[in-house]
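In what follows, a structure is listed as structure tokens, so that the remarks can point back to it.
Values in this text are rule-based calculations from the coordinates and carry no lab data. On a predicted model such as this, the values are computed, not experimentally measured, just so you know. Note: ideal-geometry Cβ built from the backbone for every residue, glycine included; neighbour counts use all protein chains shown.
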Amino acid sequence: MSKRTKNFKRNSSLEEFLTEINNDLWNTEEKLLSLKEPEYPIIFVMGSLRSGTTLMTQWLANLGFAYPTNLMSRFYKSPIVASKIQLLLTDEKYNYRNEIKDFNNSVDFSSENGKTKGALAPNEFWYFWRRFLPFKELDYLTTKELFEKVDIDTFKSELAGIVDVFQKPFALKGMILNYNIDFLDKVFDKAIFIYTKRDPLTNIESALKARERQLGSIEEWYSFKIPEYEELKNLNPYEQVAGQIYYINKAVENGLENVANHKKLIVNYENFCENPKRFYDELKEKLEIQGYKLDKEYNGEDSFDVTRKNINDDNILKAYKKFNEKGNI
């Protein structure tokens with residue numbers, strides 16, 4: 001396993017206590033698993049590393065959708081209980097004489113390698129996902145294996161329970177299953193897959209910088225070990241990252257081919273930053289088809305800053321071309 005830099009090292013005391021408290025709460029959580037289908041759509045944010053998925057999740061959170069918070073993530077084995085606790089502590093409906101007004105309900109658009117700060121800031125929720133995904137050396141199983149090995153009933157009931165608590169669609173990152181969109185599509189009748197795709201050269205550069213921030217070197221593998229990991233691991237880091245992004249985008253696009261139009265939304269990162277309202281209107285239409293009506297007009301950000309760089313690093317350009325010959329990234 002790659003060694004993390006100081007700022008990204010895990011807190012072993014926290015990990016141990018989280019395991020203990022989640023096991024303590026499981027008996028209560030298990031009693032809440034009565035719902036079999038989410039009443040409203042689950043919104044899965046898909047795409048490659050460093051493609052804008054965190055910004056997309058923060059944007060959805062700001063629009064009022066339910067989403068996994070840093071607070072909820074601490075209770076990864078009991079997210080329905082966590083949802084109820086979060087509502088109790090933070091929803092104005094349950095406020096009594098301002099006894100508990102310490103939570104910041106606003107979500108800003110800052111993050112570091114996908115990590116956010118604040119109890120109610122969006123969390124990647126990977127501990128929740130990994131409860132159900134028995135990955136080994138690679139972060140991958142075939143869709144056939146997923147249907148054989150995943151506790152689908154509990155997985156669906158957990159998400160259905162969260163939706164029931166918040167009474168709105170639940171938006172979360174789903175990139176851990178970038179290669180298995182067909183699995184999620186079959187499991188969830190009500191779902192929307194938002195695929196964020198970024199300028200590939202900028203995407204490669206951003207992923208290399210993420211490696212250096214989190215692992216102290218661009219030489220170390222960063223993010224999920226995809227099926228092509230064995231093919232990529234002995235290449236130079238520029239080619240590793242270019243291949244990583246190429247194969248992930250290819251997998252997502254292949255997976256979306258058989259998904260109904262009302263269940264998918266393809267988002268170019270640069271276009272999204274220029275005009276997010278356009279994508280809100282598309283999302284609103286797809287949600288209405290699935291039985292959830294957004295009554296309010298768009299009140300989110302008019303735009304986001306995006307740096308359109310001219311990438312002049314020969315190593316990045318060569319790595320991009322190596323994989324671009326196989327098709328468009």
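Relative contact order of the chain: 25 percent, from C-alpha pairs under 8 Å at least 6 residues apart in sequence. For K101, the aspartates and glutamates whose Cα comes closer than 16 Å to its Cα, not counting residues fewer than 8 places off in the same chain, are D91, E92. Straight Cα distances below 23 angstrom link K31 to the lysines K77, K84, K149, K156, K168, with same-chain residues fewer than 8 positions distant left out. Panel order for V259, V107, V45, by other beta carbons found within 10 Å of each beta carbon, from fewest to most: V259, V107, V45. Computed from the coordinates I sent, semi-axes √(5λ) of the Cα gyration tensor in Å equals one of (1) 37, 21, 18; (2) 31, 23, 21; (3) 55, 19, 14. Tell me the label. Read-out taken from this structure: (2). Estimated from helices alone, the mean residue ellipticity of the chain at 222 nm is -14000 deg cm²/dmol (sum of -39500 (n - 2.57) over DSSP H runs with n ≥ 4, per residue). Sorting Y127, Y195 by the number of Cβ atoms found within 10 Å of their own Cβ, with the fewest placed first, yields Y127, Y195. Quick one: of K36/K144; K186/K209; K144/K225; K144/K318, which pairs are farther than 25 Å apart, Cα to Cα? K186/K209; K144/K318, as the Cα separations exceed 25 Å there. The stretch between N299 and D189 holds 36.7 nm of extra length on full extension. This uses 0.36 nm per residue minus the Cα-Cα distance. Sorting S13, S48, S157, S217 from the fewest to the most surrounding beta carbons within 10 angstrom yields S13, S217, S157, S48. Remark: the N275-D91 segment gains 63.2 nm on full extension, using 0.36 nm per residue and subtracting the alpha carbon distance.
Excluding same-chain neighbours fewer than eight residues apart, the aspartates and glutamates reachable from K250 by a Cα-Cα span under 15 Å are D182, D199, E228, E325. For R198, the amide hydrogen comes within under 5 Å of the amide hydrogens of Y269, counting only partners 5 or more places away or on other chains and with H modelled in the peptide plane. Label sites at D24 and E39, each approximated as a point 7 angstrom past Cα along Cα to Cβ, lie 3.1 nm apart.
In this structure, the amide hydrogen of F304, modeled 1.01 Å from its nitrogen in the peptide plane, lies closer than 5 angstrom to those of E274, counting only residues at least 5 positions away or on a different chain. Given a Förster distance of 35 Å, report the FRET efficiency between K144 and K321 from their Cβ-Cβ distance, rounded to the nearest 0.05. Working from the Cβ atoms, E equals 0.50. Toward the positive end of the charge dipole of the chain, with +1 on the Cβ of Lys and Arg and -1 on the Cβ of Asp and Glu, the farthest Cα among P68, N11, F166 is that of N11.
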